[in-house]
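These notes concern the structure reproduced below.
The values are calculated or read from the model by the stated rules, or taken from the named source; none is laboratory data. Note that the structure is predicted; figures quoted are calculated from it, not measured. Every residue, glycine as well, gets a Cβ built from its backbone with ideal geometry; the counts of neighbours run over all protein chains shown.
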Amino acid sequence: MNLKQPLETYHEPITIKKFDKQDMEYCQDLFLQDKEIHVWTVRWRHIIPWIITNWQLMSAEEKNYVERFRLYEDRMRGATGKILTRTLLAQYMNIPIHDICINTGYYGKPYLANVIPERSVQYSVSHSGEIVLLSLGKFPKIGVDIEQIREFPDCLEIAQNFFTSEESRKISESRSSSTFFRYWTAKEAYVKALGEGLNKDLKSFEIKRNRICERGSMLADWQVVPIEISSEYSANVAVRIEGE
């Protein structure tokens, strides 16, 4: 429970609080303020016994989904995200873990069902490499994305095909795959927050100074927040601050 990061917006500042594996032992009294985002960063290889012990916390559908992955690493990443989500949501909302009911929307975005509005928490999960990232907040919409930064020879071609011309230009000028992944995670976080899946054209909006620009206008109710993990990872969380 170690970091507050005020962000300048047109609304009240958002505060980021970071949590990690050590904080899991002291998570009995978790509380979200209205303008906070809590970000949990867990390296799944460090908690394998915990994952195995809590495997049964997943629903039958979740276990079937996870166990379809051929690679062990993919199964463990998926299981960690689902178990961590259920465990922490129960703590934040102060309800029994077996009362957590998670459904999926039309495009596959998971959401809490049958929850009293005053207790409801929006969340989003992403994982890459050894890290599972979970973000939570009392915002109308929230999405998070993380990618392990790596050499990616095709990044400029992908940017030219799927990003805006301005984003592609900045990636080309930087000659750095980290710039590509910074834009990629920011755009993916926004798409995940919307819950529209592949229906959202990545060229239909642009990331500018941690804001969302669509049809030439900045979206006043949206904020993109870079999350510092390490030099090996790029991560962003997108939140809709107001509205339905």
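Where helices (runs of 4 or more DSSP H) fall entirely within region 98-206, those with at least 1 residues that are at negative phi, in contact with a strand residue (DSSP E or B) (Cβ under 8 Å, 6 or more places away or on another chain) and touching a residue at least 40 places away in the same chain (Cβ under 8 Å) are at 165-174, 177-194.
Scanning region 156-185 for residues that are surrounded by 22 or more Cβ atoms within 10 Å (Cβ to Cβ) and more than 30 Å from Val121 (Cα to Cα) returns Ala159, Phe163, Glu167, Ile171, Phe180. Go through region 207-228 and give me each residue that's surrounded by fewer than 19 Cβ atoms within 10 Å (Cβ to Cβ), in a loop (DSSP other than H, G, I, E, B) and not charged (D, E, K, R). Correct list: Asn210, Gly216, Leu219, Ala220.
Against the conditions (1) among the polar types (S, T, N, Q); (2) surrounded by 20 or more Cβ atoms within 10 Å (Cβ to Cβ); (3) at pLDDT 95 or above, Asn54 satisfies every one except (2). Give just the number: which of (1) under 16 Å from the mean Cα position of the chain (by Cα); (2) at pLDDT below 90; (3) aromatic (Phe, Trp, Tyr) does Tyr106 not satisfy? Status for Tyr106: all satisfied but (1).
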